[in-house]
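The values are calculated or read from the model by the stated rules, or taken from the named source; none is laboratory data. What you see is a predicted model, and the numbers here were worked out from it, not measured in a lab. Cβ atoms come from the backbone with ideal geometry, glycine included; neighbour counts cover every protein chain shown. Accessible surface is based on the protein model in full, side chains and every heavy atom, while ligands, DNA and RNA are left aside. Shrake-Rupley method; radii C 1.70, N 1.55, O 1.52, S 1.80 Å.
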Amino acid sequence: MPALCRDCLMRFETGRRCPACRSPRVVAHPELFALSIAHMDCDAFYASVEKRDNPDLAGKPLIIGGGRRGVVSTACYIARIKGVRSAMPMFQALKLCPEAVVLKGRMEVYAAVSREVRALMEELTPAVEPLSLDEAFLDLTGTERLHGAPPAVMLARLTRRMKSEIGITGSIGLSHNKFLAKVASDLDKPHGFAVIGAAETEAFLKQKPVRMIWGIGPAAQASLDSAGIRSFADLRRWERDALVARFGSMGERLWHLARGRDARRVIRNAPVKSISNETTFAEDTADADILDGHIWRLAEKVADRAKAKGQAGRVVTLKLKRANHRILTRQSQLPDATQIADRIYRTARDLFDIVGDQGPYRLLGVGLSHLTGAETADRAGDLLDPNAQRRADAERATDAIRGRYGPGAILKGRSLR
């Protein structure tokens, strides 16, 4: 069986240790050198960067998050052993692991490290599709002739370079499509390398839970449970038409994934689908004035990001999390795309007026989706608000002043609430 040493990159026949360097870090699989679709996932990315930059944190449980009232962004593997997970409320995480060190995230640092990792990936193939700062799909089809080595070798070399040159580790999933590559990257973490071949796909999936499908959240899982679908074996018993009738377009996707089929290509620079920002409060609040100030600040941040990317969106979303962690979301579709903070704010504020009395709230978020280029944004005007164009012009003038003198050069009164 083909085998690869992940430390010295020697290729050999199956063995428990590398015959050259005696390393036990060996990956072996019948299709190891024939597969070319990969998913790379950095291990506990934010926490790993913090431990790299502060060696005193080595061996300590570390949580990256927003204080006791926020949620966990990421946790190192020591904290995960205690049960801490991403998106867990911070108070719950600290009950599970009271000795944890808690740090606020340094997004600008993580983004810089992400760019370093991305540069290493792009040395292997131009077909890199980032999913977030810490994970990406890669398609290395046809690159063996260029590099003089099959994709598996180049992927092992990638993670070796990540560790030696950047100081973080990553886990590789290698398969024949994106769905299975992402599944594989979770099988051997941290600093792992897992393979799912075409020949074993159906047998591998048969008894696995359907919740391992990317995008199956609590609501979708509840719908599947009510239909008696908990494993891939359950899913395969359904006819294609029956799945579509029961679950709509998701049913079509489920029918294919039940058989390990995924025709999606790895797309370089896949378009961003939404821009959003949210904040978690130090204390739950139902104060409309305080919440109004947060809506404005979040709308302004979303608008700034849209302007920086040259994008605009037609759908504004308001997200509210109650004290019991139940989430309310409301959306409004505009007649044309916008990137103007004032317009995003007023739309989000109108949505808040519909549900705002259901507080108190612990989190508030504002988002912009159905994105397009900004060339035709904010052209339609608003017949019901003749002053809208004047405010938009004033905002663009304010942007120009801030661009020259800094973001604090001009502030709106409502942003001080």
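Through the Karplus equation 6.51 cos²θ - 1.76 cosθ + 1.60, θ set to phi - 60°, convert the phi angles of region 128-137 into ³J(HN,Hα) values in whole Hz; use x for Gly and Pro.
10, 10, x, 9, 6, 4, 10, 8, 7, 8
Measure off, as a whole percent, the carbon and sulfur share of the 1.4 Å-probe accessible area of region 11-85, all protein chains present.
Of all accessible area on region 11-85, carbon and sulfur atoms account for 52 percent.
What is the Cα coordinate range of region 162-252 on the first, second and third principal axes, sorted by size from largest, in whole angstrom?
For region 162-252, the Cα spread along each principal axis is 51, 30, 20 Å.
What Kirkwood Rh does region 167-316 have if only Cα atoms enter the pairwise 1/r average? Answer in Å.
On the way: mean 1/r = 0.0528 Å⁻¹.
By the Kirkwood definition, the hydrodynamic radius is 19.0 Å.
Okay, helix-only estimate at 222 nm for the chain: each DSSP H run of n ≥ 4 adds -39500 (n - 2.57), divide by all residues, round to 500 deg cm²/dmol; what do you get? Walk me through the numbers before you get to the answer.
Values: 15 runs with 154 residues, N = 417.
For the chain, the value works out to -11000 deg cm²/dmol.
If pairing requires two Cys Cβ atoms under 4.7 Å apart, which cysteines of the chain are left without a partner?
Cys42, Cys76, Cys97
Based on alpha-carbon positions alone, could you give the equivalent ellipsoid semi-axes of region 216-256 from the gyration tensor, as √(5λ), descending, whole Å? All intermediate terms of the calculation are to be shown ahead of the outcome.
Details: eigenvalues 41, 27, 15 Å².
Equivalent ellipsoid of region 216-256: 14, 12, 9 Å, largest first.
Would you list which lysines come within 17 Å of Lys301, measuring only between C-alpha atoms, while excluding same-chain residues fewer than 8 positions from it?
Partners within reach: Lys273, Lys309, Lys319, Lys412.
Which number do you get for Rg(Cα) / (2.2 N^0.38 Å) in region 133-201?
1.10
Just tell me which lysines come within less than 18 Å, Cα to Cα, of Lys51; anything on the same chain fewer than 8 places away is out.
By straight Cα distance, Lys51 reaches Lys60, Lys104, Lys163, Lys189.
Quick one: P(r) of region 47-204 from all Cα-Cα pairs, 5 Å bins, percents rounded to integers, in order of increasing distance.
Over region 47-204, the share of Cα pairs per 5 Å bin runs 2, 9, 16, 18, 18, 15, 11, 7, 4, 1, 0 percent.
Can you bin region 250-337 into rounded, prolate or oblate? Criterion: square roots of the alpha carbon gyration tensor eigenvalues sorted a ≥ b ≥ c, rounded for a/c under 1.5, prolate for a/b above b/c, oblate for the rest. Intermediate values should be presented prior to the final figure.
Numbers: a/c = 2.63, a/b = 1.57, b/c = 1.67.
Taking the square roots of the gyration eigenvalues as a ≥ b ≥ c, region 250-337 is oblate.
Given bins 10 angstrom wide, list per bin the percent of all Cα-Cα distances in region 162-209, short to long.
Percent of pairs per bin, in order: 27, 46, 19, 8.
Out of all Cα-Cα pairs in region 69-118, roughly what percent, to the nearest whole number, are more than 13 Å apart?
When all Cα pairs of region 69-118 are counted, 59 percent exceed 13 Å.
From the C-alpha gyration tensor of region 240-300, pull out the three semi-axes of the equivalent ellipsoid (sqrt of 5λ each), sorted largest to smallest, in whole Å.
After scaling each eigenvalue by five and taking roots: 41, 19, 10 Å.
Using the C-alpha atoms of the chain, what convex hull volume per residue, in cubic angstrom, is computed? Show your work: numbers first, answer last.
Working: hull volume 77.5 nm³, N = 417.
With only Cα atoms used, the chain gives 186 Å³ per residue.
Using a Förster distance of 51 angstrom, determine the FRET efficiency expected from the C-beta separation of Arg22 and Leu146, and round it to 0.05.
Taking R0 as 51 Å, the efficiency between Arg22 and Leu146 is 0.95.
Mind listing the long-range amide H neighbours of Asp336? Cut-off is under 5 Å, sequence gap 5 or more, other chains count too, H placed in the peptide plane at 1.01 Å from N.
When sequence neighbours closer than 5 places are left aside, there are no close amide H contacts.
To the nearest whole percent, what portion of all C-alpha pairs in region 1-67 is separated by more than 19 angstrom?
Result for the distance tail: 55 percent.
Around Pro19, under 15 Å between beta carbons, what's the net of Lys plus Arg minus Asp minus Glu among the other residues?
Here the charged neighbours net out to +4.
Could you sort 322-332, 78-88 so that the peptide with the highest average Cβ count within 10 Å comes first and the rest follow in order?
Top of the packing list down: 78-88, 322-332.
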